[in-house]
Amino acid sequence: LCLRLAQEIDAEILSCDSLQVYEGMDIGTAKPTTEEMATVTHHGIDVFPVGITASVHAYSQMAAEAVRDIHARGKAVLVGGGSGFYLKSFLEPVCDEVSIPEGVRSEVADLLEEVGLEGLVERLLELNPEGLGELDLRNPRRVVPALERCMVTGKTVLQLRSEMKALPEPYADMEKRICVLERGDGSLKERIAKRTRTMLDAGLVGEVAALLEQGLRTNLAAANAIGYRETVLHLDGVLSSEAELEETI
């Protein structure tokens, strides 16, 4: 659909998929094929090695450069993909300008490994007696940066969020149109089963094995993505057969 629309409106595609930004995560993310990307110019794909965890801040910087580049050539920008948080970065401020020293980053990473996500949340709550608002406490991609920023600034999550909302609206000088596709879920299970079988037939297990050698385990966001998490368990022997893997996905 994106390919057809991009051709109709003379646009280039900017992916806002939080997993397609990683090199080598192809089959499990349904990344566009080489042939498809040759038809319409794509941006935001294969930007980072899988051993490095991409942040929304890094994505936003990359996206801003892509938008400027596309507009400079007189083209429209067609944003599409699967990450709501990345998409949100085009509509409102989603990241601050707090710089995290490597020492703090390592300290939080070590703490996560030592006490797990639950322990990290406890530490975050200690620094935020007023509460954490709507922060997703089950998602390490939200908890880790929140704790890092609280430690660096001495401010609470609510204070940091208030300051961030006061930042200028991104792309305020550009016209934005949002298209939302909805479909009934009557065939959802069948489509998931078909997609799972397609991924396995295309070589998902081999892809994940190669990614593990490239540092996938150190990237919690990527390693815990649907399809990849289960395949890692399969390669670790937790899910003993491919049939069990297929059923779990």
Check on residue 57, surrounded by 16 or more Cβ atoms within 10 Å (Cβ to Cβ), more than 26 Å from residue 191 (Cα to Cα) and not assigned by TED's automatic domain parsing to the domain that holds residue 207: yes
Pair list, Cβ under 6 Å, 6 or more apart: region 12-38 residue in the same structural domain as residue 224 (by TED's automatic domain parsing) and within 16 Å of residue 78 (Cα to Cα), other residue crowded, with 19+ Cβ neighbours inside 10 Å and of a type in the set (Asp, Glu): none
Some residue of region 79-99 being at pLDDT 95 or above, under 21 Å from the mean Cα position of the chain (by Cα) and of a type in the set (A, V, I, L, M): yes
Residues located in region 38-48, provided they are outside any loop (DSSP other than H, G, I, E, B) and surrounded by fewer than 17 Cβ atoms within 10 Å (Cβ to Cβ): 38, 39
Residues located in region 60-78, provided they are among the aliphatic types (A, V, I, L, M), closer than 13 Å to residue 14 by Cα and surrounded by fewer than 16 Cβ atoms within 10 Å (Cβ to Cβ): 64, 76
Residue 51 being in a loop (DSSP other than H, G, I, E, B), of a type outside the set (S, T, N, Q), out of contact with any Cys (no Cβ under 7 Å at 6 or more places or on another chain) and surrounded by fewer than 19 Cβ atoms within 10 Å (Cβ to Cβ): yes
Residue list for region 10-51, filter: more than 12 Å from the chain's Cα centre (by Cα), closer than 18 Å to residue 232 by Cβ and not hydrophobic (A, V, I, L, M, F, W, C): 23, 24, 26, 28, 49, 51
Some residue of region 171-190 being under 30 Å from residue 149 (Cα atoms) and either in contact (Cβ under 8 Å) with a residue 60 or more places away in the chain or of a type in the set (Gly, Ala, Ser) (or both): yes
Residues of region 1-29 satisfying the condition of being over 28 Å from residue 245 (Cα atoms) and out of contact with any Gly (no Cβ under 7 Å at 6 or more places or on another chain): 1, 3, 4, 5, 6, 7, 8, 9, 10, 11, 12
Pairs where the first residue, in region 84-105, is of a type in the set (D, E, K, R) and the second is surrounded by 15 or more Cβ atoms within 10 Å (Cβ to Cβ) and in a helix (DSSP H, G or I), C-beta under 6 Å, 6+ apart: 96/164
Residue satisfying all of: in region 154-174; within 21 Å of residue 123 (Cβ to Cβ) and of a type in the set (A, V, I, L, M, F, W, C); surrounded by the most Cβ atoms within 10 Å (Cβ to Cβ) among these: 157
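Residue-by-condition table, conditions (1) modelled with pLDDT under 90; (2) closer than 29 Å to residue 113 by Cα:
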{"position": "148", "(1), (2)": "no, yes"}
{"position": "154", "(1), (2)": "no, yes"}
{"position": "160", "(1), (2)": "no, yes"}
{"position": "168", "(1), (2)": "no, no"}
{"position": "172", "(1), (2)": "no, no"}
{"position": "175", "(1), (2)": "no, no"}
{"position": "186", "(1), (2)": "yes, no"}
{"position": "194", "(1), (2)": "no, no"}
Qualifying residue in region 211-220 (condition: at pLDDT below 90, under 25 Å from residue 143 (Cα atoms), surrounded by 13 or more Cβ atoms within 10 Å (Cβ to Cβ) and not assigned by TED's automatic domain parsing to the domain that holds residue 53): yes
Residue within region 115-138 that is surrounded by 14 or more Cβ atoms within 10 Å (Cβ to Cβ), of a type in the set (D, E, K, R) and not assigned by TED's automatic domain parsing to the domain that holds residue 62 present: yes
Residue tally, condition in a helix (DSSP H, G or I), hydrophobic (A, V, I, L, M, F, W, C) and more than 17 Å from the chain's Cα centre (by Cα), over region 64-78: 4
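The values are calculated or read from the model by the stated rules, or taken from the named source; none is laboratory data. If you're wondering where the values come from, they're calculated on a predicted model, not measured in any experiment. Note that each Cβ is placed from the backbone with ideal geometry, even for glycine, and that neighbours are counted across all protein chains shown.
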